[in-house]
Amino acid sequence: MALLRNLFLLLIVTSISFIELKAQNEADGLVKWLSFKEAQEKNKQVQKPFIIDIYTDWCGWCKHMMKTTYSNPALANYINTNFYPVKFNAEGKDTIEYNGKIYKPLSKEPKTPHELAIKFLGNNLSYPSTIFVTNNFEYSLLTQGFLEDKKIEPILIFMVENAWRSSIFEEFNKNFSRTFYDTSFYKVPVKMLSFKEAEKLSAKKPKKILVNIGTNFCNTCKVMTKTTYCDSAIGNYINKNFYVVNFDAESNDTILYKKEKHYKIPLNGYPLHSLAVRLTNNRFSLPSLCILDEQMNPLEALNFYQSPQQLKPVLEFFAGNIYKTKTWNDFIKEYSTGQPTKATKK
């Protein structure tokens, strides 16, 4: 009888624990949320971007986002690995230090916004809101409303893979969708060559060479490879003026460049091809775009994701040999305004 009673009590305790765990998972999803203090302290040791979920206790869509988006195991794992995630009650009563400043609740009354919520959202106090912030607080991206998996995914990649450094999100998001979902958009056929193939072609018919450097694990590399070069705004211009090399920075091939052999080497503890480092003048990033002249000499290396709109003036600057007579700053000013400048390159 005592054994049955103990088993019964064990079942009750187990059931209560399961219910509490389920409730906790529904409240927080699978993301390991931190306080502002915890996230900022961790960032001092290892730098990562922040994702800040701005919610209220009464917001139904906030709860739904926890039960769905933040309960997706793959997505939650990506956030836990690459971000410092913070849950912020926009009507909370705690004093918060954020980026060296102190923010306080504006009132003890319920349902009144926190001073930090107003900093983040201004007068548009809409929930849920999500703000993505770089590890040095240099850049932030605010989204408002419920974010399903497909909507939050490109934002996470945009932040983690540093596409924010070189592109606006709207342009990246459009091309991200074209890469992974809406793949039926019009593409200008642009042939991707090996390094050796481009070298042979350029010897017969000299052209400048674009070396697109990426890896299989780099999502922004895939977006750039599949949408930038074949875009109708620049595809035909590229075919006329350049050869394009698609170079895998994880390649096991030994490549002879400028009478020097290049091969895979450890780079910050990860094996990558030494040619990628050479062509980018030791400024390697993913993705990288290297521009070579007709004699295979490096002219420029562009870091991170490049959209067709960003790349178009760069192509004209080098294909037209404008770089020989003008600085980039003078050229882009003229390009943007349509007014010729008198400045020449010294």
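Structure summary
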| quantity | calculated |
| --- | --- |
| Number of the exception - Ser251 against (1) part of a helix (DSSP H, G or I); (2) hydroxyl-bearing (Ser, Thr, Tyr); (3) surrounded by fewer than 20 Cβ atoms within 10 Å (Cβ to Cβ) | (1) |
| So Glu20, is it more than 26 Å from Asn124 (Cα to Cα) and either modelled with pLDDT of 95 or more or not hydrophobic (A, V, I, L, M, F, W, C) (or both) | yes |
| Matching entry among Asp28, Asp53 (being of a type in the set (Asp, Glu), in the same structural domain as Glu153 (by TED's automatic domain parsing) and under 19 Å from the mean Cα position of the chain (by Cα)) | Asp53 |
| Residue within the range 221-238 that is under 26 Å from Ala203 (Cβ atoms), modelled with pLDDT of 95 or more and of a type in the set (Asp, Glu) present | no |
| Scan of the range 169-208 for residues that are within 30 Å of Gln295 (Cβ to Cβ), among the charged types (D, E, K, R) and assigned to a loop (DSSP other than H, G, I, E, B), ordered by number | Lys191, Lys205, Lys207 |
| Condition met for Lys226 (closer than 24 Å to Lys261 by Cβ, part of a helix (DSSP H, G or I), among the basic types (Lys, Arg) and free of Cβ contacts under 8 Å to residues at least 60 places away in the same chain) | no |
| Residue check, Leu289 assigned to a strand (DSSP E or B), out of contact with any His (no Cβ under 9 Å at 6 or more places or on another chain) and farther than 19 Å from Thr220 by Cβ | no |
| Matching residues in the range 209-236 - criterion: being more than 14 Å from Leu289 (Cβ to Cβ) and of a type in the set (Phe, Trp, Tyr) | Phe217 |
| Among the candidates Leu75, Leu141, residue that is within 17 Å of the chain's Cα centre (by Cα) and assigned to a strand (DSSP E or B) | Leu141 |
| Some residue of the range 173-187 being in contact (Cβ under 8 Å) with a residue 40 or more places away in the chain, closer than 26 Å to Lys42 by Cβ, hydrophobic (A, V, I, L, M, F, W, C) and surrounded by 20 or more Cβ atoms within 10 Å (Cβ to Cβ) | no |
| Meets criteria (in the same structural domain as Phe83 (by TED's automatic domain parsing), exposed (fewer than 13 other Cβ atoms within 10 Å of the Cβ) and closer than 28 Å to Asp248 by Cβ) for Lys204 | no |
| Residues of the range 78-100 satisfying the condition of being within 27 Å of the chain's Cα centre (by Cα) and not in a helix (DSSP H, G or I) | Phe83, Tyr84, Pro85, Val86, Lys87, Phe88, Asn89, Ala90, Glu97, Tyr98, Asn99, Gly100 |
| Test: residue in the range 137-158 that is within 19 Å of Tyr98 (Cβ to Cβ) and buried (at least 19 other Cβ atoms within 10 Å of the Cβ) | no |
| Members of the range 282-309 found to be charged (D, E, K, R) and modelled with pLDDT of 95 or more, listed by number | Asp293, Glu294, Glu300 |
| Condition met for Lys312 (among the basic types (Lys, Arg) and either at pLDDT below 95 or more than 29 Å from the chain's Cα centre (by Cα) (or both)) | no |
| Residue list for the range 144-168, filter: in a helix (DSSP H, G or I) and closer than 19 Å to Val31 by Cβ | Asp149, Lys150, Lys151, Ile152, Glu153, Pro154, Ile155, Leu156, Ile157, Phe158, Met159, Val160 |
| Scope the range 248-306; condition farther than 20 Å from Arg165 by Cβ and among the charged types (D, E, K, R); matching residues | Asp248, Glu250, Asp253, Lys258, Lys259, Glu260, Lys261, Lys264, Arg278, Asp293, Glu294 |
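Condition check ((1) touching a residue at least 24 places away in the same chain (Cβ under 8 Å); (2) under 17 Å from Leu193 (Cβ atoms)) across all residues:
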| position | (1), (2) |
| --- | --- |
| Cys230 | yes, yes |
| Gly235 | yes, yes |
| Asn246 | yes, yes |
| Glu260 | no, no |
| Ile265 | no, no |
| Leu279 | yes, yes |
| Leu286 | yes, no |
| Leu299 | yes, no |
| Gln306 | yes, no |
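The values are calculated or read from the model by the stated rules, or taken from the named source; none is laboratory data. The structure displayed is predicted, hence computed values, not measured ones. Positions of Cβ are backbone-derived with ideal geometry, glycine not excepted, and every protein chain shown enters the neighbour counts.
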